[in-house]
Amino acid sequence: MSSFQTFRFTPLVVVLLAACVTACTKAPKDASPEALSRFQNIIPRPSVEAKPDGKAFLITRATAITIANDSLRPVAQYLADVLNKGTGYTLSVSTSNEAPASGIFITTRLSHPDQGREGYSITTAGDLMTITGKPAGVFYAAQTLRQLLPPAIEKAPAPGSDTTSWEIASGQIVDLPQFAWRGSMLDVARHFFGMDDVKRYIDLISFYKMNILHLHLSDDQGWRIEIKSWPRLTEHGGSTQVGGGKGGFFTQEQYQELIAYAAERFITVVPEIDMPGHINSALASYGELNGGIQVPKEGRVELDLSTPGTLNGKTQPTQLYTGVKVGFSTLRYDKPETFKFVNDVVRELAAITPGPYFHVGGDEAHVTQKDEYIKFVNRFTEIVKANGKKMIGWEEIAQADIDSNVVVQYWNSEKYALQALEKKAQIIMSPAKKAYLDMQYDSTSRIGLHWAAYIEVDSAYRWDPAAFVDDGTVLGVEAPLWTETVATMNDIEYLVFPRLPGYAELGWTSGTKSWDEYKVRLGKHAARFDALEIDYYQSPKVPWVK
Ligand code: TNX
């Protein structure tokens, strides 16, 4: 009997013991130099602290993700998906209010008094990693974890290859953002970008903890959002783009799908309908809105006379426009149809926008008379408010009767920005000389404009968004990508990377910043850009490490 037992059970005991020596008796390994380097090179740099303890934490097939309460389930599942994608594992999420002995434990019990809605901490001790945060904070912790892992975490593993060690340097990270507004604008009007491109844009900005996507949905060259009560805006006004391509638009359902996709990544979508200027695509769609403007010859598109049905016989629509000159079009304040149009557009778009903001543009209305312009902005303020939203406009709106309920987006004129300050408006910092993603890096850049400046990667990083006024009036930072010269996703990536991580850091990280310190971290992100297949500009200013 006893010899039978020995024969039958000894191998099992030996196997169990061996497993226990490697897994149960946890003398944590020392962190590798690579894992330590990743810990030191996070972008945006953690605001409060990032202290490695010299040890390593491994993610394995057996790592369990435990959440303390179900409000964390979607974001924990997002983390599991990120980890599973790169590792090929099938980690799953379970709920327990007791901290487990090992694995990843996520709890909303905050560890820092200022942690707020977006802060997080990651503390690793031995075999247990504890993440604290509200859902948004945990989402940002997940972005940090991506950066703590080898870049291969971004790509599905080749079948059969299981060689990467999913090692994280352990220690303590406490992090929270400096500004509530950390955004980028994508101009889908000059060139249209479809669902897949916008989703990729959302993914890329969320990787660097941005939380605002401002969509520039209308301009002279194209109207990109379906308005059910004014269908020709997209049917006709959306049918072309700069250079004469076929344009395109989002149905309301597609727009809502983008909003949901962004919301899963804790990004608020801010819709912009640019008025009273930059409006030719609407004037070309509805003759009754046209108060008689001259569309520049360059880029003019012949009127399609096969569909004249909505022309009311009085005024003719303008021609579609595919050039790049700005400032030639305007709505007319006293045309009877104008405010029916504005009300309908704001109402329909506000109704499908869960975020609190509505951007009315207001820039470069060069052919709108000044008194009309002010009346327009005052009226927009009422309409946006009546539809339950907070109004944002480009800096020129500071000339109108705005107050602290309005947000002004600074881009070029200190005069207007100061006016906005006097009127107690909040300010978003998008100075064209520093933060315009459509500016060329230098005179050799293959696309981009340079009317404001050439913006190399160092110049893009060297400014302080809080310097303008340091009293909480600055809501944050937004880097706009205008797309007159930008036609493909590769074009987008070339102009946006590697500048965007710097804007993200200016928005997120408090305290003093140094380009010489930052550029080293940025250089270490090359392998990550490659893993994400980002077509970035390999600036000579950055010490790239491949
Ligand atoms: C100015 S910035 C504009 C846009 C152009 C951009 C090109 C602003 C509010 N208006 O209409 O696309 O320059 O850089």
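Since every read-out is calculated from the coordinates, none of them should be taken as a lab result. The shown structure was predicted, so the numbers you read here are calculated from the model rather than taken from an experiment. Neighbour counts are summed over all protein chains in view; Cβ atoms, including those assigned to glycine, are modelled from backbone coordinates with ideal geometry.
Spin-label model, VAL520 to LYS51: label points 7 Å out along the Cα-to-beta-carbon direction sit 2.0 nm apart. Protection proxy ranking of 315-322, 62-69, by the mean of other Cβ atoms within 10 Å over each peptide's residues and highest first, is 315-322, 62-69. Cβ-Cβ distance of ASP162 and GLU533, R₀ of 25 Å, FRET efficiency by 1/(1 + (r/R0)^6): the value works out to about 0.65.
Counted over segment 25-175, the DSSP beta bridges are approximately 60% antiparallel. Within straight-line reach of LYS155, meaning a Cα separation under 16 Å, sit the following lysines at least 8 residues removed in sequence or on another chain: LYS85. Ordering of 95-106, 238-249 by packing is 238-249, 95-106, highest average first (other Cβ atoms within 10 Å, averaged per residue). Modelled label positions at GLN256 and ASP403, each set 7 Å beyond Cα in the direction of Cβ, lie 3.4 nm from each other. Helices assigned as whole DSSP H runs in the chain whose Cα atoms extend at least 27 Å along their own long axis and whose mean Kyte-Doolittle hydropathy is -1.0 or higher are found at 2-23.
Relative to the current alpha-carbon distance between GLN369 and GLU422, full extension at 0.36 nm per residue lengthens the span by 16.7 nm. By the beta-carbon count within 10 Å of each Cβ, the least crowded to most crowded order of THR107, THR132, fewest first, is THR107, THR132.
Within the chain, DSSP assigns beta bridges of which about 30% are antiparallel (rounded to the nearest 5). Stretching the chain fully between LYS228 and MET195 yields a gain of 9.9 nm (0.36 nm per residue, less the alpha carbon separation). What's the whole-number percent of alpha carbon pairs in the chain lying beyond 40 angstrom? Taking all Cα-Cα pairs of the chain, the fraction more than 40 Å apart is 30 percent.
Protection proxy ranking for 469-476, 362-369, 141-148, using the average of other Cβ atoms within 10 Å per residue and placing the highest first: 141-148, 362-369, 469-476. Full extension of the segment from GLU382 to ASN343, taken as 0.36 nm per residue of separation minus the current Cα-Cα distance, would add 13.0 nm.
Working from Cα pairs under 8 Å separated by at least six residues, relative contact order for the chain is 13 percent. By the beta-carbon count within 10 Å of each Cβ, the least crowded to most crowded order of VAL360, VAL345, fewest first, is VAL345, VAL360.
Normalising the average separation of contacting C-alpha pairs (under 8 angstrom, six or more residues apart) by the number of residues puts the relative contact order of segment 25-175 at 35 percent. The base-10 log of I(q)/I(0) for segment 25-175, evaluated at q = 0.11, 0.13, 0.16 Å⁻¹, reads -0.37, -0.53, -0.82 [Debye formula, identical scatterers on Cα atoms, solvent excluded]. Note on ARG446 and THR108: the model spin-label points, each 7 Å out from Cα along the C-beta direction, lie 4.8 nm apart. Where only DSSP H runs of four or more residues are counted, the chain gives -9500 deg cm²/dmol as its mean residue ellipticity at 222 nm, each run worth -39500 (n - 2.57). Reported to the nearest whole Å, the Cα centre-to-centre distance from segment 42-105 to segment 435-507 is 33.
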